[in-house]
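Throughout, read-outs are computed from the coordinates displayed, never taken from laboratory work. The structure displayed is predicted, hence computed values, not measured ones. Positions of Cβ are generated from backbone atoms using ideal geometry, with glycine treated the same way; all protein chains shown enter the neighbour counts.
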Amino acid sequence: MSTTELASLVIDAAFLAAAFLFIYGLKRMSSPVTAASGIRVAGLGMLVAVLASFLYVFSVSEAALPHRTVNAALAAVALILGLSWAWISGKRVEMTAMPQMVALYNGMGGGAAAAIGAVELFRAGEDLALIPLVVTIIGSLIGAISLSGSLIAWAKLDGRINGTWRIKGQQLLNGTFFVATLGLGLYIALIAHGHAPVALTALFFIGALIFGVLMTMPIGGADMPVVISLYNAFTGLAVGFEGFVLQNPALMIAGMVVGSAGTLLTLLMAKAMNRSVSNVIFSNFGATGDEQQGEIKGSMKPVDAGDAGINMRYASKVIIAPGYGLAVAQAQHKLYEFVKLLQDAGVEVKFAIHPVAGRMPGHMNVLLAEAGVPYDIIYDMEDINGEFKEADVAIVIGANDTVNPAARTNKSSPIYGMPILNVDQAKQVYVVKRGQGKGYSGVENELFFADNTNMVYGDAQKVMVSMIQAVKSLDGGGH
Amino acid sequence: MLTGFIALYIFMLAAFTGYEIIGRVPSILHTPLMSGSNFVHGIVVVGALFALLNATSITEQVIGFFGVLLGAGNAAGGYVVTERMLQMFKSSDKKKA
């Protein structure tokens, strides 16, 4: 057996193993008990596949033989650079910034898929058959959209781009742009048969990248998780399509598994937010005139953090509704310390988690787990919403839109119809908030003006510290 | 050669597999799973390696280089981030037990 034959046999076997390990790993990741081992199983698959693909060196095409050494050196440098940068940035990123980091890595994958397509299209003098050519074009289009779209999503979540960017006739512009880019791509495939001028091919990629930007810019921050999940599915599809062009079954299987899993995940996330995917993409938060918001009666009543803490110490049941603001203030550890004080005093404490608390479904659970809050006092919205009316105190920390009663009553509100936590039904509501600003969706919250609501202004961490001190001094003085 | 219908069979079965895996997942795992599937499509780095190793012109080498760079970032970053997220589930499970 020649070296070339042996190399390709090892490569094929490694890809088969990788495909199995990816699917098995994802399966393990879909249950909380086995999840942690799942990523390691999938990681092993990746390691096997990448190591085996070094053997490509022995089976390069005739034309590429003279460039083999240079190409291999370039590949090693690119691998090491990409790997070490991503490894370090992934280790360093704060748990609160996880969603945008996922967006960034996802965009890179989309870019890699588009790059594969570009190499195929720029490859001089090679004739691809019609079907692979069309698939290359479509994969490149999706990959490039995913790249620029994910970058915008990352920049928005990371606070590098603020607000949304909308113009009149946005959808018409986007639609025209998409059709033009797709048309150009099909021209390259069907009429030019892959031998279009370089400038035209470049124009196609630039068009796809710009469309990704146009598509993502108008989408509000609150919808970003759904968008990231959608781009994740996009990248999967792009990888699967380019895998077909490269005749690589590992890419085809992994890409298509992620494409369909990602699509389903997108639908589940959108459902958890009571939004449809087309709603997210085509008609955006606030797009339907937020001027119509009704007058809100009443006023915001501030209260001292210590007083609020003491009040909770003498309550019998307290429900906590945490939001992204809690995580930003890094107050989850102090909050849990306060919760333990309450529990020692015999208060029943529960956490109520809205499906989109944090920035993504499940994000808040991750953040609370980080602070060591045990699972059995954390409840999903459906399980705890009936209990608020029995609660003496509901305390909202850094959450806003997920507790806004306007979602139930105000039809003109952009968040109308979104399921919310029924904190307003508790006897007493405390809202811990930095200032008087609006929520992520830009909607005023009438909960803050309700008769049974008091505002505790301040940084969540400092507020928690004052509450802890107040309760401690109380119990200390009681001896 | 994986042409025509064989490719379609692979795509169909893979798509069905992905759908079945995610089917009944509790919402607390949505974020880690999105991150995990984000890691899995990092396999694109293997395709980019193939493209770069077979490059015959400067243009192809430059694009291939960035393809490998981006793909490696997708794979490595996706792994680290997912591992960190899932690590927390493990530790909190232990505490409860």
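Only Lys, Arg, Asp and Glu carry charge here, each on its Cβ (+1 for the first two, -1 for the last two); on that basis the protein assembly as shown has a dipole of about 580 debye about its Cα centre. Counting beta carbons within 10 Å around each of A:Tyr375, A:Tyr336 and listing the fewest first gives the order A:Tyr375, A:Tyr336. Each 10 Å bin from zero holds the following percent of Cα-Cα pairs in the range A:326-479: 10, 40, 39, 10, 1, 0. The alpha-carbon atoms of the range A:1-44 define a convex hull whose volume equals 44 cubic angstrom per residue. Convert 10 °C to kelvin, take the viscosity as 1.306 mPa s, use the Kirkwood radius over C-alpha pairs of the range A:71-131 as Rh, and evaluate the Stokes-Einstein diffusion coefficient in µm²/s, rounded to a whole number. Reported coefficient: 113 µm²/s. Take the cross-link list A:Lys350/A:Lys433; A:Lys411/A:Lys433; A:Lys301/A:Lys389; A:Lys301/A:Lys433; A:Lys91/A:Lys156 and give me the ones stretching past 23 Å between alpha-carbons. Checking Cα-Cα distances, A:Lys411/A:Lys433 exceed 23 Å. Counting charges near A:Asn279 (Lys, Arg +1; Asp, Glu -1) among other residues having Cβ under 13 Å from its Cβ returns a value of +1. Consider all pairwise Cα distances in the range A:1-126 and report the whole-number % of them above 20 Å. I get 62 percent for the Cα pairs in the range A:1-126 exceeding 20 Å. Helix A:3-29 axis versus longest C-alpha principal axis of chain A: approximately 20°, rounded to the nearest ten. Cα-Cα pairs above 12 Å in the range A:241-284: how many percent? Considering the range A:241-284, 65 percent of its Cα-Cα pairs are separated by more than 12 Å. Normalised by residue count, the range A:177-260 yields a Cα convex hull volume of 98 Å³ per residue.
Sorted fewest first by neighbouring Cβ atoms within 10 angstrom, A:Thr263, A:Thr402, A:Thr4 come out as A:Thr4, A:Thr263, A:Thr402.
Helix B:44-53 and the longest principal axis of the C-alpha atoms of chain B enclose an angle of approximately 20°.
Stokes-Einstein diffusion for the range A:77-205 at 4 °C, viscosity 1.567 mPa s, with a Kirkwood radius from C-alpha pairs, works out to 78 µm²/s. Placing a label point 7 Å from the Cα of B:Glu20 along the Cα-to-Cβ direction, the residues of the range A:229-269 with a backbone N closer than 14 Å are A:257, A:261. The C-alpha atoms of chain B define a longest principal axis, and helix B:4-22 lies at about 20 degrees to it. Per the Kirkwood formula applied to alpha carbons, chain B shows a radius of gyration over Rh ratio, Rg over Rh, of 1.12. Could you list the residues of the range A:86-110 with an amide nitrogen less than 16 Å from a label point located 7 Å from the Cα of A:Arg434 in the Cα-to-C-beta direction? A:96-97, by backbone N distance to the label point. Taking the three principal axes of the alpha carbon atoms in the range A:1-75, the coordinate ranges are 51, 29, 13 Å, sorted in descending order. Over all Cα atoms in the range A:325-388, the spread is summed up by Rg and Dmax: 11.7, 34 Å. Ordering A:Tyr231, A:Tyr324, B:Tyr19, B:Tyr79 by the number of other Cβ atoms within 10 Å of each residue's own Cβ, fewest first, gives B:Tyr19, A:Tyr324, B:Tyr79, A:Tyr231.
For the protein assembly as shown, taking Cα atoms only, Rg and Dmax work out to 25.8, 89 Å respectively.
Across chain A, Cα pairs under 8 Å and at least six residues apart give a relative contact order of 13 percent. The mean sequence separation of alpha-carbon pairs under 8 Å and at least six residues apart, normalised by the residue count of the range A:343-479, gives a relative contact order of 20 percent. Estimated from helices alone, the mean residue ellipticity of the protein assembly as shown at 222 nm is -20500 deg cm²/dmol (sum of -39500 (n - 2.57) over DSSP H runs with n ≥ 4, per residue). Phi angles of the range A:212-217 translate, via the Karplus equation with coefficients 6.51, -1.76, 1.60 and θ = phi - 60°, into HN-Hα couplings of x, 5, 4, 5, 8, 4 Hz per residue; Gly and Pro are given as x.
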